[in-house]
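The values are calculated or read from the model by the stated rules, or taken from the named source; none is laboratory data. In this text the structure is predicted, and so the values were computed from the model without any measurement. Reconstructed Cβ throughout: ideal geometry from the backbone, glycine too, with neighbour counts over all protein chains shown.
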Amino acid sequence: MLKQRLLTAFILAPLALWGLFGLSGASFAIFTGLVIGVGAWEWARLSGFKLVGQLLFPAFILLMLYGVYQQPERLEEALWLGLIWWLVALFFVVTYPRTTSIWRCPPRRLVMGIFILIPAWAGFVLLREQGWFWLLYVLLIAWVADVFAYFAGRAFGKHKLAPAVSPGKSWEGVLGGLVGTSLLTATASIYLGFSLNQFGLLLAITLIITAVSVLGDLTESLVKRESGMKDSSQLLPGHGGIMDRIDSLTSAIPIFTLLMLNFAGNLI
């Protein structure tokens with residue numbers, strides 16, 4: 001398993017870095033759109049749809065992305081749609097398993113994918129327009145939060161975060177993730193020469209996004225639990241599927257972009 005993971009990472013990491021930071025404009029939109037398209041195929045699988053549904057749903061998502069890209073004002077509207085969805089998702093996750101019936105209906109799960117995938121893509125596109133730094137920063141939020149949460153949870157985890165959804169996650173792990181991303185904020189603020197007020201604003205946004213990234217992870221965990229699948233697919237040997245790699249980003253990217261564009265004009 002470790003050999004598979006390392007080989008997959010060795011092959012895909014350069015491609016991912018090239019696509020995320022080497023491309024811009026329409027090329028970047030197409031690259032991320034294809035990734036989202038694969039995620040849509042996996043989401044259809046998780047929703048319980050067979051071959052035809054697994055083909056039609058990605059096609060539908062890609063058509064939606066094309067339509068949104070042709071009308072740039074729709075990109076930010078998609079971010080607000082994402083914000084509304086993640087507030088709804090928070091309610092569903094907190095109330096699970098009392099709301100089990102919501103998740104067990106395949107068409108409902110499929111529709112949820114629309115509100116997850118399209119805002120995520122819009123966030124990628126709009127954030128890349130601001131340059132490479134903030135895209136890298138939000139990717140690091142998700143990565144740092146995950147790493148710190150893992151080690152803090154292993155060392156100190158006693159109080160379960162959402163045992164009905166993901167038994168392995170703990171409140172101590174979440175706190176560890178918040179500590180890690182706080183250190184990331186301090187490092188970025190020193191690098192950018194931010195004032196104390198700018199640091200405070202970026203820290204507030206970062207802590208919000210750290211919490212939001214956990215919600216994205218929990219949401220996919222819940223869908224996988226209801227579908228009876230361990231991974232979204234086996235496209236990435238040793239790593240599962242695309243959605244397994246970007247689950248926390250599907251929530252973090254659109255909300256981070258929305259906050260940065262509307263409430264942090266003095267940071268970008």
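I'm trying to understand the selection: among the residues of the stretch 1-32, which are modelled with pLDDT under 85 and either among the β-branched types (Val, Ile, Thr) or under 23 Å from Tyr66 (Cβ atoms) (or both)? Result: Thr8, Ile11. Of the residues contained in the stretch 227-244, one or more are found to be modelled with pLDDT under 95, buried (at least 24 other Cβ atoms within 10 Å of the Cβ) and in a helix (DSSP H, G or I). The set of residues in the stretch 114-160 being closer than 21 Å to Phe91 by Cβ and touching an Asp or Glu at 6+ places or on another chain (Cβ under 9 Å) consists of Ile116 alone.
Within the stretch 138-178, the set of residues being aromatic (Phe, Trp, Tyr) and either touching a strand residue (DSSP E or B) at 6+ places or on another chain (Cβ under 6 Å) or surrounded by fewer than 21 Cβ atoms within 10 Å (Cβ to Cβ) (or both) comprises Trp143, Tyr150, Phe151, Phe156, Trp171. Residues in the stretch 151-175 that are without any contact (Cβ under 8 Å) to a residue 24 or more places away in the chain and of a type outside the set (A, V, I, L, M, F, W, C): Gly153, Arg154, Gly157, Lys158, His159, Lys160, Pro163, Pro167, Gly168, Ser170, Glu172. Checked against (1) modelled with pLDDT of 95 or more; (2) crowded, with 21+ Cβ neighbours inside 10 Å, Val35 passes all but condition (2). Of everything in the stretch 245-268 that is over 14 Å from Tyr137 (Cβ atoms) and either in contact with a strand residue (DSSP E or B) (Cβ under 9 Å, 6 or more places away or on another chain) or among the small types (Gly, Ala, Ser) (or both), the residue that is surrounded by the most Cβ atoms within 10 Å (Cβ to Cβ) is Ser251. Of all the criteria given as (1) β-branched (Val, Ile, Thr); (2) under 14 Å from the mean Cα position of the chain (by Cα); (3) farther than 17 Å from Ile242 by Cβ, the one not satisfied by Ile114 is (3).
Every residue, every condition in (1) among the acidic types (Asp, Glu); (2) under 21 Å from Leu222 (Cα atoms), yes or no:
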position	(1), (2)
Glu73	yes, no
Trp85	no, yes
Ile102	no, yes
Glu129	yes, no
Ile141	no, no
Ala155	no, no
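Matching residues to (1) more than 16 Å from Glu226 (Cβ to Cβ); (2) under 17 Å from the mean Cα position of the chain (by Cα); (3) β-branched (Val, Ile, Thr):
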{"position": "Leu46", "(1), (2), (3)": "no, yes, no"}
{"position": "Leu51", "(1), (2), (3)": "yes, no, no"}
{"position": "Leu62", "(1), (2), (3)": "yes, no, no"}
{"position": "Pro72", "(1), (2), (3)": "yes, no, no"}
{"position": "Glu77", "(1), (2), (3)": "yes, no, no"}
{"position": "Leu87", "(1), (2), (3)": "yes, yes, no"}
{"position": "Trp103", "(1), (2), (3)": "no, no, no"}
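Summed over the stretch 84-98, residues that are surrounded by 17 or more Cβ atoms within 10 Å (Cβ to Cβ) and touching a residue at least 60 places away in the same chain (Cβ under 8 Å) total 5. Residues in the stretch 28-76 that are within 26 Å of Ser232 (Cα to Cα) and among the hydroxyl-bearing types (Ser, Thr, Tyr): Thr32, Ser47, Tyr66.
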